[in-house]
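What follows is a set of notes on a single structure, which appears directly below.
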Amino acid sequence: MSRVDMARLDDLKELLTQVRSWEGVEDRGGGTFYLRRKPYLHFHVGRDGRRADVRRVEGWVEFDLPEPLPAGVRREFVELLREEYEDR
C-alpha cells in the first residue's frame, strides 16, 4: 500500500480541518499529521481501498476508510482520533 493521493481525501476535508484545529496537531502535508512532535496520523491507498494509520500508545492501528465515507464510519474514526489525542 502506498501513500494516498490527496484527491482521495476530499470527502474528509471537514474532518481534517477539525483535526488541524486541535492544539498540538501539525499537518506535515501529504496526509501526514503529527501530535506534539510525534507521528499521529497518515493515509494509504491500495487496490482494496484506502485506510488511515493512527498512532496509539501501543502502536499503529489501521482504520479502513470506504469511499465515500459513511456517517457511522466517520463517527468511529473521529472517536478513535479523539481518544488518541486525549491519551497523549
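The values are calculated or read from the model by the stated rules, or taken from the named source; none is laboratory data. Nothing here was measured: the structure is a model prediction, and the numbers come from that model. As a convention, Cβ positions derive from the backbone with ideal geometry for all residues, glycine included, and neighbour counts pool all protein chains shown. In case anyone asks, the SASA skips ligands and DNA or RNA and just uses the protein heavy atoms, side chains included. Shrake-Rupley method; radii C 1.70, N 1.55, O 1.52, S 1.80 Å.
At the listed q of 0.13, 0.14 Å⁻¹, the Debye profile of the stretch 1-56, built from one uniform point per Cα, gives log10 I(q)/I(0) equal to -0.30, -0.35.
Take residue 13: with every protein chain present and a 1.4 Å probe, its accessible area is about 130 Å². Take every pair of alpha-carbon atoms less than 8 Å apart whose residues are at least six positions apart; their mean separation over the length of the chain yields a relative contact order of 21 percent.
Kindly provide the Kirkwood hydrodynamic radius of the stretch 10-88 in Å, to one decimal, from all pairs of distinct alpha carbon atoms. List each step's numbers first, then the result.
Values: mean 1/r = 0.0782 Å⁻¹.
Hydrodynamic radius (Kirkwood, Cα only) of the stretch 10-88 equals 12.8 Å.
With n ≥ 4 as the cut-off for DSSP H runs, can you work out [θ] at 222 nm for the chain, using -39500 (n - 2.57) per run divided by the number of residues, rounded to the nearest 500? Let's see the in-between values first.
Details: 2 runs with 25 residues, N = 88.
That calculation yields -9000 deg cm²/dmol at 222 nm.
The charge dipole of the chain, taken about its Cα centre with unit charges on the Cβ atoms of Lys, Arg (+1), Asp and Glu (-1) only, comes to about 300 debye.
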